[in-house]
Amino acid sequence: MKLFIFNTRKNAIAFVILIVVSFLISSCEKVININLNAKAPQIIIEGIITDQPEPYTVSLTQTVNFDESNNFPPVSGATVIISDNSGYSEILTETTPGIYTTSAIQGTAGKIYTLKVTANGKEYTGVATMPPPVNIDTLTITSVNTPKGSNKTIYVNFTDPTGINNYYRFIKIINGTAQSSIFITDDLLKDGNIINQPLLSRGQDEVKIKSGDMVSVVCQTIDKNVYNYFRSLLQLSTGGMINQSSSPANPLSNFNNGALGYFNACAVTSKTIVIP
Amino acid sequence: MKKIRLFLIAIFCILSISSSAQIKYTISGYVKDIKTGEELIGATVFVKDSKTIGTSTNAYGFFSLTIPEGNYIIIAQYIGYEVKSTQFSLKQNTKYNFILTENVTQLDEVVINAEKKDDNITKNLMGIEKINMQEIKNIPVFFGEKDILKTIQLMPGVKSAGEGNSGFYIRGGNADQNLILLDEATVYNASHLLGFFSVFNADAIKDVTLYKGGQPAEFGGRLSSVLDIRTKDGSDKKFGIEGGIGLISSRLKIEGPIVNDKGSFTINARRSYADLFLKFAKDSAMKQRKLYFYDFNAKLNYRINDNNRVFLSGYFGKDVLGFGTQMGVDWGNITGTFRWNHLFSEKIFSNTSIIFSNYDYNINTILAGTDGEIISRIQDYNFKQDFQYFLSTKHKFKFGFNSIYHKIIPGAITTKSDSSISELNLKHKQALDNAIYLSHEYNPSGIIGFIYGIRLTSFSTLGPGDFYSYNSLGETIDTTSYNNGEFVKTYFTLEPRFAANFILNEKNSVKVSYGRNTQNLHLLSNSTSGNPTDLWIPSSSNVKPEISDQVSMGYFRNFKNNVYEFSTEVYYKHLQNQIDYKDGAELRFNENAESQLLFGTGRAYGIEFFLKKKSGRFTGWIGYTYAKTEKKIGGINNGEYYPAKQDRTHDISIVGIYEFSKKWTISATWVYYTGNAITFPSGKYEVAGQLVNYYTERNGYRMPDYHRLDLGVTWQKKKTEKFESSWNFSLYNAYGRENAYSITFQEDPNDPAKTQAVQTTLFRWVPSISYNFKF
């Protein structure tokens, strides 16, 4: 809920600026050329291990310069190892360029996992703990009025385990297509409560939900560092807000050595409904 | 307290011994406007045919001049007023008020009295900008609102915080490092509508003084500057109504005597009504939107007798923004000041103030089924005692103390009982802020003058509550609980201040100054142009007082019988305990917001040039500043010096006002500045299905250069004793320059495989018109 309130607060400010801009001012936008320095490419590691049956994958890509096309070159020939705190360790196989896949390891809630990547002569290590799963009780739908009209919103209803800090990430799947919007929450203001979490998206490209759609929600229980990664990733996607953060920065990765990306060890539950 | 009293008695004793050698008498009194009876601040009072014997009126219009027995012609003068001279045969202490008449013959080149003293050369302090309230009337305005903060931004060393923004940066300091005082009360947020207007209604204001460096010892609490704003008392002669009607807002002022020549009142009100136009919008969503601000200034004063006078003044203002019943945001300041002026003798002026100030914001939202309210507030209870001792023409002392209790509610979230959200009330913060000061102005001869002083401050964070300490990762490593009123952490700082003036001749002077300032309230603001919801935090075990040491040197010159004045100042500032934010810092509703901060040092230096034509049909000025502001903070840019966000290399402003006739005045301003330092991405990548910018360093890029021309025309339609009216037309951004307000990076809509930089421009050609009247 912490994040949700931030969102409405941020929205409030964005909205304030929007109306100031739209009423007082003849604002205008134009595309400009800025010379952004070309930098040496940096590696992006995106790894996941869950409590569901394997295989799990780790993908390695590289940054490109701002004026290039969005083709992010895969990093091939790396050594990728996942190990856990019970002494198990496995080397992943590169199945397609830049995609590394497990063959035997089975994720278990409560274990601590380490992902070690050696690529281009540098070693990057990320550590994540897999929290226990939390079941989704129900999915519900409400219509919410926004400044842009009426929207159907999915609510995830679940019971937060009491006495521990929980962090959640949700993935919304509409008719089989996972949406790219990031939904996260913690239990800061609602430890042990029944939580009704709206999956309101800030992205412009979100598919609108209509009657007859099949909507699934995946609930990942994640650790604090992974939560902070997604929280700081969300901070970056300000959706074209004009009063930007004065110190935008790369999201807080749980990898060392300057690698971008994250290693997520999460327990997973899900629920599906058909929109009436 | 007892110690202070003993100390003061000791000083008096020493000084009275040293001054009892000659027979001297004191002329004291006030300098006032003939029509309204308003006291004039900073008017000069001096002895004719003498270069050195003189003084100026204090913030209450009082002067005291102690000179040997004899016959004198004493002259009082003030900008925009006729010079007044009076003959005295001084055989005893004398009380006399100089009553000045407003200068109406400004059209012709004013014949400059050769004896006329010039503040530019003779004032010992440097780094001061005075705003002439007469001048403000004619400078082009934005949406018809004269604005002192916008005018101040046209001075060298003062930089606008952005397009249309009333925030300002002084000599490399951040916007929160300015102490903004309205009748001595701190104004924590001086912006309406996110900075497009300032909270100061120009009709209510008598005097504006900005101290950019070498602040006198009576001021403290902020690193960069003091903006001292004093409101009008209101006419004690006759009732008057004054007002203005503009496109965006209107204002009205009522003033008049309570008891003739003894007391008066003034009430100013202002409200914007852009939202009323929304009712005509076709879009029903638009109709539901709310957007307005309003403010009131009110002041009462009463002269009990010759030696006692009381003032009561207050400000109340609010911004309200909303969308139907879905969401509402409002914020505003409240200040209140009670003052008692007391004359212990002709030479000792005392002012006692009790001051209250409050800033808060509220957010109401029922979005997503949650009916919640968010409140945040900062409050000050302030007691201030100031003495001025006009010992002789050579010695003047100021001393006093100040005690402020700060109370901060960082954020409280309340919800309906059936909500699934628990309430949140971030720990309230209390602090006690004390200061004592003493300063001495010493003018041994006509060619050299000093002001030096010292200010001792103590700042204590008070319980109750748990206080945390953090490791370098921002994790809590220790928690200590304190009871109500218990001292958690106290910082003492000694702030020496020094200024010297070397008058080379009537036309040239060289000044130097040094000053240390500390700041114990810090604004956490991590957005490019600031938000009303930015949070103030007090110094604590984790956040140390910010300290600045500034040295400056200046050369001042007047030309052509003081028609032109020129000055240049260089400064260097060293800053300690400066604050910046960690990557991905979460400052809002975070009990551990202090763990999101990084600390380091900073430096700022620059040179300012200022050339002004002060009188004649054509008046105006050119200001130029070259400046650099850098920070060095472990954890940012590998601990190297990097430009602060307010760093700007070049800053030029040109102001011209030409009086065609008594009816028509035209004016123009042109500003140019280098873009601010900003963080832009140096690459991009994809993660979690999102296209993400890749950042490599903080503030490594620059916004595009900014420039703008504004034009204004004032048509004085009617001016009689009974009724005055004028029209003001202005055009903001006359040549329609597309200045960048922000630059965002996004997917190219025509080619999703590409990204583009998009610049948003807020204002192009904003015309406005306003009608002003007075009767």
Per the list (1) facing chain A (nearest Cβ under 8 Å); (2) in contact (Cβ under 8 Å) with a residue 60 or more places away in the chain, residue check on B:Asn739 breaks on (1)
Counting only residues in the range B:272-328 that are part of a loop (DSSP other than H, G, I, E, B) and within 31 Å of the chain's Cα centre (by Cα), the one modelled with the highest pLDDT is identified as B:Asn307
For the range B:55-101 the number of residues that are farther than 27 Å from B:Val310 by Cα and in a strand (DSSP E or B) is 15
Filtering the range B:692-725 down to residues that are small (Gly, Ala, Ser), over 30 Å from A:Arg231 (Cβ atoms) and surrounded by fewer than 20 Cβ atoms within 10 Å (Cβ to Cβ) yields B:Ser725
With the first residue restricted to the range A:139-165 and required to be within 11 Å of another protein chain (Cβ to nearest Cβ), and the second required to be exposed (fewer than 13 other Cβ atoms within 10 Å of the Cβ) and at pLDDT 80 or above, Cβ contacts under 6 Å at 6 or more apart or on different chains are A:Asn157/A:Thr138; A:Thr159/A:Ile194
Per the filter on the range B:239-271, residues of a type in the set (D, E, K, R) and over 28 Å from the mean Cα position of the chain (by Cα) are B:Asp261, B:Lys262
B:Ser472 vs (1) modelled with pLDDT under 90; (2) over 30 Å from B:Gly635 (Cα atoms): all pass except (2)
Listed by first then second residue, the pairs whose first member lies in the range B:377-402 and is among the aromatic types (Phe, Trp, Tyr), whose partner is surrounded by 19 or more Cβ atoms within 10 Å (Cβ to Cβ) and outside any strand (DSSP E or B), with beta carbons under 7 Å and at least 6 positions apart or on separate chains, are B:Tyr389/B:Lys347; B:Phe390/B:Lys347; B:Phe397/B:Leu391
Looking across the range B:234-277 at residues that are of a type in the set (Ser, Thr, Tyr) and closer than 20 Å to B:Lys35 by Cα, the single one that is surrounded by the fewest Cβ atoms within 10 Å (Cβ to Cβ) is B:Ser235
Restricting attention to the range B:200-233, the residues that are within 25 Å of B:Thr266 (Cα to Cα) and touching a Ser or Thr at 6+ places or on another chain (Cβ under 7 Å) number exactly 8
### Query
Among the residues of the range B:564-581, is there at least one that is assigned to a loop (DSSP other than H, G, I, E, B) and in the same structural domain as B:Phe609 (by TED's automatic domain parsing)?
no
Residue match in the range B:155-162 (condition: in contact with a helix residue (DSSP H, G or I) (Cβ under 6 Å, 6 or more places away or on another chain) and over 18 Å from B:Asn739 (Cα atoms)): yes
In the range A:244-269, anything under 16 Å from the mean Cα position of the chain (by Cα) and either within 7 Å of another protein chain (Cβ to nearest Cβ) or free of Cβ contacts under 8 Å to residues at least 12 places away in the same chain (or both) is listed as A:Asn250, A:Pro251, A:Leu252, A:Leu260, A:Gly261
By residue number, the members of the range B:729-759 that are among the polar types (S, T, N, Q) and in a loop (DSSP other than H, G, I, E, B) are B:Asn733, B:Asn739, B:Asn750
Query - Any chance B:Lys662 is within 12 Å of chain A (Cβ to nearest Cβ) and surrounded by fewer than 21 Cβ atoms within 10 Å (Cβ to Cβ) - result: no
Answer yes or no: is there a residue in the range B:199-214 that is surrounded by fewer than 24 Cβ atoms within 10 Å (Cβ to Cβ), assigned to a loop (DSSP other than H, G, I, E, B) and more than 14 Å from chain A (Cβ to nearest Cβ).
no
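For every residue, the table says whether it meets (1) more than 26 Å from the chain's Cα centre (by Cα); (2) surrounded by 16 or more Cβ atoms within 10 Å (Cβ to Cβ).
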{"site": "B:Asn577", "(1), (2)": "no, yes"}
{"site": "B:Gly584", "(1), (2)": "yes, yes"}
{"site": "B:Arg603", "(1), (2)": "no, yes"}
{"site": "B:Arg617", "(1), (2)": "yes, no"}
{"site": "B:Gly623", "(1), (2)": "no, yes"}
{"site": "B:Lys628", "(1), (2)": "no, no"}
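For (1) out of contact with any strand residue (DSSP E or B) (no Cβ under 9 Å at 6 or more places or on another chain); (2) surrounded by 18 or more Cβ atoms within 10 Å (Cβ to Cβ); (3) among the aliphatic types (A, V, I, L, M); (4) at pLDDT 90 or above, each residue gets a yes or a no:
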{"position": "B:Tyr60", "(1), (2), (3), (4)": "no, yes, no, yes"}
{"position": "B:Ile74", "(1), (2), (3), (4)": "no, yes, yes, yes"}
{"position": "B:Leu90", "(1), (2), (3), (4)": "no, yes, yes, no"}
{"position": "B:Asn93", "(1), (2), (3), (4)": "no, no, no, yes"}
{"position": "B:Asn103", "(1), (2), (3), (4)": "no, no, no, no"}
{"position": "B:Leu107", "(1), (2), (3), (4)": "no, no, yes, no"}
Of the residues in the range B:624-638, those that are of a type in the set (S, T, N, Q), over 13 Å from B:Tyr572 (Cα atoms) and modelled with pLDDT of 90 or more come to B:Thr625
### Message
Being outside any strand (DSSP E or B), touching a strand residue (DSSP E or B) at 6+ places or on another chain (Cβ under 7 Å), modelled with pLDDT of 85 or more and not aromatic (Phe, Trp, Tyr) is the requirement here; does B:Asn699 meet it?
### Response
yes
Checklist entry - In the range B:549-566, is there at least one residue being of a type in the set (S, T, N, Q) and within 14 Å of chain A (Cβ to nearest Cβ)? => result no
Considering the range B:139-196, residues that are aromatic (Phe, Trp, Tyr) and in a strand (DSSP E or B), and then whichever is nearest to the chain's Cα centre (by Cα), we arrive at B:Phe168
Contact list, first residue from the range B:312-332 and in the same structural domain as B:Pro532 (by TED's automatic domain parsing) and within 20 Å of B:Ala204 (Cβ to Cβ), second anywhere and modelled with pLDDT of 90 or more and polar (S, T, N, Q), beta-carbon distance below 7 Å, six or more apart or interchain, is B:Ser313/B:Thr231; B:Ser313/B:Thr337; B:Gly314/B:Thr335; B:Tyr315/B:Asn297; B:Tyr315/B:Asn333; B:Tyr315/B:Thr335; B:Gly317/B:Asn333
Within the range A:58-92, residues of a type in the set (Phe, Trp, Tyr) and facing chain B (nearest Cβ under 7 Å) come out as A:Phe66, A:Phe72
The residue that is farthest from A:Thr221 (Cα to Cα), considering only those in the range A:183-201 that are crowded, with 20+ Cβ neighbours inside 10 Å and within 7 Å of another protein chain (Cβ to nearest Cβ), is A:Leu200
Counted residues in the range B:665-704 being basic (Lys, Arg) and either in contact with a Cys (Cβ under 6 Å, 6 or more places away or on another chain) or more than 8 Å from chain A (Cβ to nearest Cβ) (or both) come to 1
Flagged in the range A:57-77 as hydroxyl-bearing (Ser, Thr, Tyr) and in a loop (DSSP other than H, G, I, E, B), in numbering order, are A:Thr63, A:Ser69, A:Ser76
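The values are calculated or read from the model by the stated rules, or taken from the named source; none is laboratory data. Model, not experiment: these values are computed from the prediction. Positions of Cβ are generated from backbone atoms using ideal geometry, with glycine treated the same way; all protein chains shown enter the neighbour counts.
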